[in-house]
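Novice: Here it is: the structure, laid out below.
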Amino acid sequence: MKRKIYNELLKWKQNWGGKTAVLIDGARRVGKSYIVEEFAKNEYRSYILLDFSKVNRQINTLFTDYLTDLDSFFLQLSLLMDVKLYRRESVIVFDEVQEFPPARAAIKHLVKDGRYDYIETGSLMSINRNVKNIIIPSEEERLNMYPMDFEEFLWAMGKDELMDYVRACFIARKPLGPALHRKTMELFRQYMIVGGMPQSVEMYVNEGDFDRVDHVKRGIIKLYRADISKYASGYEQKVTRVFDSVPSQLQRHEKRFRIGAVEKGARSRDYSNVFFWLEESRVVNVCFAASEPNVGLQLSRDNARMKLYMADTGLLIAMAFSEKDIYQGQLYKKLMFDKLEVNKGMLTENIVAQMLRTAGNELFFYSNVSRVAEDRMEIDFLVRKPSVTDRHNISPVEVKSSSRYSLTSLEKFTSKYGKYLATPFVLHTGDLAEKDGLVYLPLYMAGEL
């Protein structure tokens, strides 16, 4: 599985290897361990991989007893792992480092020593249990890892050059043309159904069987629920309720997350730990309301109003429909051919959120539920321009899942906030087009914004 983060690791090695460690942070099963070991094999003379979810006690003892004597530390580590280490030519990987916080704390001393490079992988890196009684090393670069994006999915499917052409069309603002657009939309629907979890993609590439892919996805969801029971101690029931409610909340026309639908009489502040845990676990993408579309979206963020999307749309589909629905109703085939009688808006909006987040965007939306009709509007996403100018920095993005839609909110929004706004975009099922100051993009271009 070819992943873009490999190139980010190469940049780190060339620019910062020996000066900092790098931490790959992401949800369980997004492929952290796999890509890091591939990188270690290919880019170093030797490597040691310490998986702290199963490492033996002798290894753990080295971090508590020998950090003041690094010569002995490395000698014993090399002997225990039966790997020869070479100065500035070897890397030591701390896999699942959240399971043994003292190893993460040791990074400060190990990097200062300078003999080898260090790569860490982990999830839930900031919850109290995983940082208790340690000093977070400042010598740590963090890279976020997400499910496979559409281009990585295409690579796995053997379509290595398609996204290059799509990107060129986006930059030139020209359509792909009917035949290529239909083909790309077909691949995009496959991506939406399968999702970006590497196990799911691998199963689909090898077997081409949606039912077997569904089995893999349900296994990942079971793992996430087990993680909630293990790590969300003290509020695991609340986390489970919110996690399980994501599909039903997205199914509503007004997708803003309503905590009252999870627990009667509950308030958002009662669930602050829950939202932090879910965001930190990377199993959801949180999209906050912005009170106005200025360049400082974080400054206008309304923490009381948010939307929760699943970080992987393939997992959302598995959560939203029972196994009986999948197998007996041939649901995936209906989704594939756009014949399913369901609110496809929730799936389409979720995949766009996933693509925007994977491309590095923080997620924001705008909503005004005013009683005054001309002020009442909702914009699905607000995206910053790559470079800040004096005016016109924010692009409003509307997501449409069918060929029939209105743009009333977008029209009111552009009229009210024109001085703030860069190009408005409509993501839809059709090909690229420009009309009346709007750019209509096919859904598979969402990651280019």
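The values are calculated or read from the model by the stated rules, or taken from the named source; none is laboratory data. Please read these numbers as outputs of a predicted model, since none were measured by experiment. Neighbour counts run over all protein chains shown; Cβ positions are idealised from the backbone, glycine included.
Novice: For the subset of region 47-61 comprising residues that are modelled with pLDDT of 95 or more and crowded, with 21+ Cβ neighbours inside 10 Å, which member is nearest to Ala106 (Cα to Cα)?
Specialist: By that ranking, first place goes to Leu50.
Novice: Moving to a separate point now. Give region 393-449 a look and list any residue that's β-branched (Val, Ile, Thr), under 15 Å from Phe188 (Cβ atoms) and touching an Asp or Glu at 6+ places or on another chain (Cβ under 7 Å), or say none.
Specialist: Result: Val399, single match.
Novice: A further question on this structure: With the structure loaded, tell me whether Leu50 is farther than 20 Å from Leu23 by Cβ, in the same structural domain as Gly18 (by TED's automatic domain parsing), in contact with a Leu (Cβ under 9 Å, 6 or more places away or on another chain) and not in a helix (DSSP H, G or I) or whether it fails that test.
Specialist: Against the criterion (farther than 20 Å from Leu23 by Cβ, in the same structural domain as Gly18 (by TED's automatic domain parsing), in contact with a Leu (Cβ under 9 Å, 6 or more places away or on another chain) and not in a helix (DSSP H, G or I)), Leu50 does not qualify.
Novice: Also, quick follow-up: Out of everything in region 371-386 that is at pLDDT below 90 and among the hydrophobic types (A, V, I, L, M, F, W, C), what residue ends up being surrounded by the most Cβ atoms within 10 Å (Cβ to Cβ)?
Specialist: Ala373
Novice: What residue, of Pro424, Pro396, Pro442, is surrounded by 19 or more Cβ atoms within 10 Å (Cβ to Cβ), in contact with a His (Cβ under 7 Å, 6 or more places away or on another chain) and either among the aliphatic types (A, V, I, L, M) or modelled with pLDDT of 90 or more (or both)? Break it down stepwise before answering.
Specialist: Values: Pro424 fails: in contact with a His (Cβ under 7 Å, 6 or more places away or on another chain); Pro396 fails: in contact with a His (Cβ under 7 Å, 6 or more places away or on another chain).
None of the others qualify; the one that does is Pro442.
Novice: Just for region 183-227: of the residues that are outside any helix (DSSP H, G or I) and over 23 Å from the mean Cα position of the chain (by Cα), which one is nearest to Asp164 (Cα to Cα)?
Specialist: Gly208
Novice: If the Cβ limit is 6 Å and pairs must be 6+ apart or interchain, which residue in region 414-442 that is under 19 Å from Arg404 (Cβ atoms) pairs with which residue that is basic (Lys, Arg)?
Specialist: The qualifying pairs are His428/Lys400.
Novice: Can you say whether Ala433 is surrounded by 14 or more Cβ atoms within 10 Å (Cβ to Cβ) and within 17 Å of Gly296 (Cα to Cα), as far as the supplied structure shows?
Specialist: No; evaluated as a whole, the condition is false for this residue.
Novice: Can you pull out the residues in region 399-411 that are crowded, with 18+ Cβ neighbours inside 10 Å and either of a type in the set (D, E, K, R) or part of a loop (DSSP other than H, G, I, E, B) (or both)? Spell out the reasoning first.
Specialist: Taking region 399-411 as the starting set, the residues that turn out to be crowded, with 18+ Cβ neighbours inside 10 Å are 399-401, 409-410.
Answer for region 399-411, where residues must be crowded, with 18+ Cβ neighbours inside 10 Å and either of a type in the set (D, E, K, R) or part of a loop (DSSP other than H, G, I, E, B) (or both): Lys400, Ser401.
Novice: Among the numbered criteria (1) assigned to a helix (DSSP H, G or I); (2) of a type in the set (A, V, I, L, M, F, W, C); (3) farther than 24 Å from Leu432 by Cα, which single criterion is violated by Ala353?
Specialist: Going through the list (1) assigned to a helix (DSSP H, G or I); (2) of a type in the set (A, V, I, L, M, F, W, C); (3) farther than 24 Å from Leu432 by Cα, Ala353 breaks only (3).
Novice: Return yes or no: is Leu23 assigned to a loop (DSSP other than H, G, I, E, B) and of a type outside the set (Phe, Trp, Tyr)? Spell out how you get there, then give the answer.
Specialist: Values: assigned to a loop (DSSP other than H, G, I, E, B): no; of a type outside the set (Phe, Trp, Tyr): yes.
No, not satisfied.
Novice: Need at least 1 residues that are modelled with pLDDT under 95 and closer than 23 Å to Gly18 by Cα per element, so show me which helices (runs of 4 or more DSSP H) inside region 75-158 make the cut, counting only ones lying wholly within it.
Specialist: Qualifying helices (runs of 4 or more DSSP H): 101-113.
Novice: So, of the residues in region 228-253 that are outside any helix (DSSP H, G or I) and not polar (S, T, N, Q), which turns out to be farthest from Gly122 (Cα to Cα)?
Specialist: Start the filter on region 228-253 by keeping residues that are outside any helix (DSSP H, G or I), which leaves 232-235, 252-253.
Narrowing the set further to residues that are not polar (S, T, N, Q) leaves 232, 234-235, 252-253.
Numbers: Ala232: 16, Gly234: 22, Tyr235: 22, Arg252: 34, His253: 36 Å.
Among those residues, the one meeting the criterion is His253.
Novice: Residues to consider are Arg57, Arg3; find the one that is basic (Lys, Arg) and either touching a strand residue (DSSP E or B) at 6+ places or on another chain (Cβ under 7 Å) or more than 24 Å from Ser281 (Cα to Cα) (or both). Reasoning before the result, please.
Specialist: Working: Arg3 fails: either touching a strand residue (DSSP E or B) at 6+ places or on another chain (Cβ under 7 Å) or more than 24 Å from Ser281 (Cα to Cα) (or both).
After ruling out the rest, the residue left standing is Arg57.
Novice: Just to check your reading of the model, which residue among Asn285, Asn273 is polar (S, T, N, Q) and within 24 Å of Val399 (Cβ to Cβ)?
Specialist: Unique residue meeting the criteria: Asn285.
Novice: Give region 222-280 a look and list any residue that's among the polar types (S, T, N, Q), farther than 25 Å from Glu323 by Cα and surrounded by 15 or more Cβ atoms within 10 Å (Cβ to Cβ), or say none.
Specialist: Hits for region 222-280 are Ser268, Asn273.
Novice: Of all residues in region 75-107, which are crowded, with 18+ Cβ neighbours inside 10 Å, touching an Asp or Glu at 6+ places or on another chain (Cβ under 9 Å) and either over 16 Å from Ile59 (Cα atoms) or aromatic (Phe, Trp, Tyr) (or both)?
Specialist: Correct list: Ser90, Val91, Phe94.
Novice: Here is a further query. Answer with yes or no whether Leu347 is within 25 Å of Met145 (Cβ to Cβ), among the hydrophobic types (A, V, I, L, M, F, W, C) and surrounded by 13 or more Cβ atoms within 10 Å (Cβ to Cβ).
Specialist: Yes; evaluated as a whole, the condition is true for this residue.
Novice: Could you list, in sequence order, the residues of region 159-169 that are touching a residue at least 40 places away in the same chain (Cβ under 8 Å) and surrounded by fewer than 20 Cβ atoms within 10 Å (Cβ to Cβ)? Step through it out loud before you land on a result.
Specialist: Filtering region 159-169 for residues touching a residue at least 40 places away in the same chain (Cβ under 8 Å) gives 166-167, 169.
Residue satisfying the conditions is Arg167 alone.
Novice: What number of residues in region 285-303 are of a type outside the set (S, T, N, Q), buried (at least 22 other Cβ atoms within 10 Å of the Cβ) and under 18 Å from the mean Cα position of the chain (by Cα)?
Specialist: Result for region 285-303: 1.
Novice: When region 9-30 is examined, which residues are found to be out of contact with any Phe, Trp or Tyr (no Cβ under 6 Å at 6 or more places or on another chain), of a type in the set (Gly, Ala, Ser) and either within 15 Å of Ile92 (Cα to Cα) or at pLDDT 95 or above (or both)?
Specialist: Within region 9-30, the first condition is being out of contact with any Phe, Trp or Tyr (no Cβ under 6 Å at 6 or more places or on another chain), and the residues that meet it are 10-20, 23-30.
Okay, now just the ones that are also of a type in the set (Gly, Ala, Ser), so 17-18, 26-27.
Hits for region 9-30 are Gly17, Gly18.
Novice: Of the residues that make up region 133-155, is at least one free of Cβ contacts under 8 Å to residues at least 40 places away in the same chain, assigned by TED's automatic domain parsing to the domain that holds Gly360 and either touching a helix residue (DSSP H, G or I) at 6+ places or on another chain (Cβ under 9 Å) or among the polar types (S, T, N, Q) (or both)?
Specialist: Within region 133-155 (the criterion being free of Cβ contacts under 8 Å to residues at least 40 places away in the same chain, assigned by TED's automatic domain parsing to the domain that holds Gly360 and either touching a helix residue (DSSP H, G or I) at 6+ places or on another chain (Cβ under 9 Å) or among the polar types (S, T, N, Q) (or both)), the answer is yes, since at least one residue qualifies.
Novice: Looking at region 170-182, which of its residues are closer than 11 Å to Pro442 by Cα, in a helix (DSSP H, G or I) and over 24 Å from the mean Cα position of the chain (by Cα)?
Specialist: His181, Arg182
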